[in-house]
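Reading through the structure tokens given below for one structure.
The values are calculated or read from the model by the stated rules, or taken from the named source; none is laboratory data. Predicted, not measured: the structure shown is a model, and the values here were computed from it. Cβ coordinates were reconstructed from backbone atoms using ideal geometry, including for glycine residues, and neighbour counts include every protein chain displayed.
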Amino acid sequence: MSAEYEVHAIRYATRDGRRDHMFVDADPHDGPMPMDYFVWVARSADRVVAIDSGFSREVAERRGRTFLRCPAESLRLLGIAPEAVSDVILTHLHNDHAGNLDRYPNARFHLQEREMAFATGRHMRFACCGRAYELDQVLEAVRLNYAGRVEFHAGEDEIADGVTVHPGGGHTPGLQFVRVRTRRGWLVLASDASHYYENIEAMRPFRLVFDVGAALDSFQAVRRLAGGDIGRVIPGHDPEVMRRYPAPRPELEGIVARLD
């Protein structure tokens, strides 16, 4: 029997934002648009897979984000110890997705090879590309690679039965998003292939984008892998996720949403 996963989103940070900072074609007169920061976890009968690892309190304070809770330690709200995580899928290496790697001592890390090349390559000398990365986080990923704990992927691949990764491009050249088999069918964790529902619904790329054309192609890939049902797409930063999906327990309202 094919594996099925329960999938949760954990909200670990937030910030105020404006619509004119969120879209490549934004109207400068647009109003507020808050942004939440999530990590995700998929659990089957015999495997725990974390998707992204967030940032630390120190990074949040330096970048003006409101830090709510440690992403790794928040897994314990679901009865999961970080030590029990077998695989961590890093959708990309931006600061809000690739910190805290040392908190997963038994995991293998999954990354598109193109993302590592970009994060350590020539474009990092330009602030418009490099400022979204944290050097210490990138160096930790390099150290883990030297330790033999990073699995590189070159396009679509299967991480485990019921968990696949797919290249997203656009936001960064090596972005990947994740598809997970659940009791309601395939669920697509878009991460920053679509920051908000509005990005993919209106085909409007997020403002921080390396390749606009690739971002538009990624929207179509996400839609296809969700079977054309945007209701099975989970965007990477939209506060709406916490409103559309229930908390697993009342005391976790606004903190954890069950997505499957």
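Miscellaneous remarks
- Residues in region 118-146 that are among the charged types (D, E, K, R), touching a residue at least 12 places away in the same chain (Cβ under 8 Å) and not in a helix (DSSP H, G or I): Glu134 alone.
- Candidate set: region 14-43, residues that are more than 13 Å from the chain's Cα centre (by Cα), within 16 Å of Ala60 (Cα to Cα) and touching a residue at least 40 places away in the same chain (Cβ under 8 Å); chosen: the one surrounded by the fewest Cβ atoms within 10 Å (Cβ to Cβ): Pro34
- Filtered residues of region 223-252 (kept if touching a helix residue (DSSP H, G or I) at 6+ places or on another chain (Cβ under 8 Å) and within 18 Å of Leu75 (Cβ to Cβ)): Ile234, Pro248, Leu252
Each row is one residue, and each column tells you yes or no for (1) more than 30 Å from Val163 (Cβ to Cβ); (2) part of a loop (DSSP other than H, G, I, E, B).
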{"residue": "Glu4", "(1), (2)": "no, yes"}
{"residue": "Arg11", "(1), (2)": "no, no"}
{"residue": "Thr14", "(1), (2)": "no, no"}
{"residue": "Ala26", "(1), (2)": "yes, yes"}
{"residue": "His29", "(1), (2)": "yes, yes"}
{"residue": "Phe38", "(1), (2)": "no, no"}
{"residue": "Ala42", "(1), (2)": "no, no"}
{"residue": "Val49", "(1), (2)": "no, no"}
{"residue": "Ser53", "(1), (2)": "no, yes"}
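- Sole residue being surrounded by fewer than 22 Cβ atoms within 10 Å (Cβ to Cβ), more than 18 Å from the chain's Cα centre (by Cα) and free of Cβ contacts under 8 Å to residues at least 40 places away in the same chain, chosen from Glu83, Glu73: Glu83
- Within region 97-146, the set of residues being closer than 25 Å to Val209 by Cα, crowded, with 18+ Cβ neighbours inside 10 Å and among the small types (Gly, Ala, Ser) comprises Ala98, Gly99, Ala119, Ala132, Ala141.
- Filter pass, Arg149 being touching a residue at least 24 places away in the same chain (Cβ under 8 Å), closer than 28 Å to His123 by Cα, surrounded by 15 or more Cβ atoms within 10 Å (Cβ to Cβ) and among the charged types (D, E, K, R): yes
- Complete set of residues in region 223-260 that are hydrophobic (A, V, I, L, M, F, W, C) and either in contact with a His (Cβ under 8 Å, 6 or more places away or on another chain) or more than 25 Å from Ala13 (Cα to Cα) (or both): Leu225, Ala226, Val256, Ala257, Leu259
- The selection criterion, being modelled with pLDDT of 95 or more, on the phi > 0 side of the Ramachandran plot and within 17 Å of the chain's Cα centre (by Cα), holds for Gly170.
- Test for Arg207: is it of a type in the set (Lys, Arg), over 16 Å from the mean Cα position of the chain (by Cα) and under 16 Å from His94 (Cα atoms): yes
- The single residue among Leu93, Leu75 that is at pLDDT 95 or above and part of a helix (DSSP H, G or I) turns out to be Leu75.
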